[in-house]
Amino acid sequence: MKNTTSVQDATSRGSFAGRLGFVLAAAGSAVGLGNLWKFPYLTYRHGGGSEGSGAGAFVLIYLAAVLLIGAPVMLAEIFLGKKTGLNPVGAFRSLRPKGGWKFVGGLGVATGFVLLSYYSIVAGWTVQYVIYAVTGALSGDADTSGSLFTGFLASPSRQIGFHAAFMGMTIAVIVGGVSKGIERWTKMLMPVLLGILAVLTVRSLTLPGGSRALTFLFYPDFSAINRGLVLEAVGQAFFSLSLGMGAIITYGSYMKREERIGPAAVSVVLLDTLVALMASIIVFGSIFSFNLSMDSGGIGNLFTTIPVIFSKIPAGALLLIMFYLLIMFAALTSTVSLLETVSAYFIDELGMNRKKAAALSGGAIFALGIPSALSFNLMADATLGGRTFFDWMDYFCANISLPLGGLGVALFVGWALTQREVEGELGSEVLTKAWRFSLRYLAPVAILAVTLGMLFGGVDA
């Protein structure tokens, strides 16, 4: 039976104990593989690589996009969740029952479903590589490291097995509930994640290339600014914050009524940005110290290039274990937010209990992920338009559903809702007007520009 109330009793769905629980959970959702590899790669490329003068222009535009576009859309998603106390579909429907806006929420749930089905495959790789690192199986030789990864991908049983293991861990967290599951685990995982990141950052700064890493990251070479740099900086700022997939709306629905969304959103954005910058320092400090390079932005580089980098650092074996634990924890906090978004739909809209909703949705997502797991081996040659099943799932989410979801949120809060419905949330009339201006004009234009850039070339998805 569908829930048609605008705000549910918090005790029926669960809630975060306080702002810290929400911030760590939402930051855990945002912090993922994109922060730890994609941002460093884009920064490296737009800084001119090892021979470049500096990536500060890219970083500056990225930070501006986070402030002017990413943060306002995040505020909008938190607002929708907190105001309605419902999943993405219920949130849009309760505020505007007519007009088809609920389909924006439905797109968010569908995106979370599809995205998790293939993200869990990559997340499973982190488990295998923690094991590799602990057992000393990783080599500092580039060819050996590449062969090990290729052999791992070629095994259907291991791809499906680690996919199942990661989905199992994710389901177990969701079954525990909001406070005793999501909040408890993120309060443990996020401090450990940040602690490991801090240790690796400090170690990287003590390497011979540490100071150069800082100069490269923050020195602005404005002559490098072009259309591609701007679009990729804006796109990374948007996608890095887990926007457009309903996760932040869902987490916002578990906030207590007295919590203010402004400080919470600022904290999440700051944490997410800090992680991306620290990850860049770690990577740049290492590659500049040992005259290495980042030849590709593919996620596989996390499992082929990183072992080579750490093999050259004193105590590198221990640091490598810490690094892959960092990646695994970041992946888990992200998969938890995705599954919670889908489970919340089953709980709110279909009246399921949490255990059944988590098991059913998790099982269905696992099944959808099997063809993605086989895309690296048995189904590698089963392509359409040159893309495997895994590639198409990623293409759909990155190029279509995520941008449309974010655009829908911006237009809904910016145009469909009235000033009276949103006023008071930020505690300042000036801030509210600036927020609405971004949602009405800046965010939609930026999202459309990045989307067209991804669809028609020139921007990395």
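Just so you know, all these numbers are worked out from the coordinates, no wet-lab data involved. The shown structure was predicted, so the numbers you read here are calculated from the model rather than taken from an experiment. Quick reminder, even Gly has a Cβ in these numbers, built from the backbone with ideal geometry, and neighbours come from all protein chains shown.
To the nearest 0.05, how large is the calculated FRET efficiency for residue 377 and residue 318 if R₀ is 41 Å and r is the Cβ-Cβ distance? Walk me through the numbers before you get to the answer.
Details: r = 32 Å, r/R0 = 0.79.
So the FRET efficiency works out to roughly 0.80.
Work from the charge dipole of the chain (Cβ charges, +1 for Lys and Arg, -1 for Asp and Glu, about the Cα centre) and give the residue of 66, 171, 97 farthest towards its positive end.
In the chain, that residue is 97.
May I ask for the angle, rounded to the nearest 10°, between helix 19-30 and the longest principal axis of the chain, with both axes built from Cα atoms and the value confined to 0 to 90°?
60 degrees
Mind checking the angle between helix 316-350 and the chain's longest principal axis? C-alpha axes, 0 to 90 degrees, to the nearest 10.
Between helix and principal axis, roughly 20 degrees.
With charges only on Cβ, +1 for K and R and -1 for D and E, what is the dipole size of the stretch 309-461 about its Cα centre, in debye, rounded to 20?
Roughly 160 debye, rounded to the nearest 20.
For the chain, take the longest principal axis of its alpha carbons; what is the angle in degrees between that and the long axis of helix 443-455, to the nearest 10 within 0 to 90?
50 degrees
What does the charge dipole of the chain about its Cα centre add up to, to the nearest 20 debye, if the Cβ of each Lys and Arg holds +1 and the Cβ of each Asp and Glu holds -1? Walk me through the numbers on the way to the answer.
Numbers: 30 positive and 23 negative charges, 243 e Å.
About 1160 debye.
Classify the stretch 258-388 as rounded, prolate or oblate from the Cα gyration tensor: take a ≥ b ≥ c as the square roots of its eigenvalues, call it rounded if a/c is under 1.5, otherwise prolate when a/b beats b/c and oblate if not.
Numbers: a/c = 2.45, a/b = 1.33, b/c = 1.84.
Taking the square roots of the gyration eigenvalues as a ≥ b ≥ c, the stretch 258-388 is oblate.
Only Cα pairs under 8 Å and at least 6 apart count here; give the relative contact order of the chain as a rounded whole percent.
Once normalised by length, the contact order is 33 percent.
Just to check, using Stokes-Einstein with a Kirkwood Rh over alpha carbon pairs, what's the diffusion coefficient of the stretch 334-381 at 20 °C and 1.002 mPa s in µm²/s?
Details: Rh = 11.7 Å.
It comes out at roughly 183 µm²/s.
Beta carbons within 10 angstrom, averaged per residue: use that to sort the peptides 206-214, 135-143, highest first.
206-214, 135-143
Going through the stretch 271-350, which chymotrypsin sites (Phe, Trp or Tyr not before Pro) have at most 15 other Cβ atoms within 10 Å and a DSSP loop state?
Numbers: sites: 284, 288, 290, 303, 310, 323, 324, 329, 345, 346; in loops: 290.
Answer in residue order: 290.
Roughly how compact is the chain, stated as its Cα Rg over 2.2 N^0.38 Å to two decimals?
0.94
What do the square roots of 5 times the Cα gyration tensor eigenvalues come to for the stretch 1-140, in whole Å, largest first, as semi-axes of the equivalent ellipsoid?
After scaling each eigenvalue by five and taking roots: 36, 23, 15 Å.
Give the peptides 84-91, 48-55, 423-430 in descending order of average Cβ contacts within 10 Å, highest first.
Top to bottom by mean Cβ count within 10 Å: 84-91, 48-55, 423-430.
Students often get this wrong: which residues of the stretch 23-46 have the backbone nitrogen under 19 Å from the point 7 angstrom along Cα-to-C-beta of residue 188?
23-29
At 0.36 nm per residue, minus the direct Cα-Cα distance, what do residue 135 and residue 199 gain on full extension? Give it in nm, one decimal, please.
Values: separation 64, 0.36 × 64 = 23.04 nm, distance 2.15 nm.
Using 0.36 nm per residue and subtracting the Cα-Cα distance, I get 20.9 nm.
Given contacts defined as C-alpha pairs under 8 Å and at least six residues apart, what's the relative contact order of the stretch 385-461, whole-number percent?
39 percent
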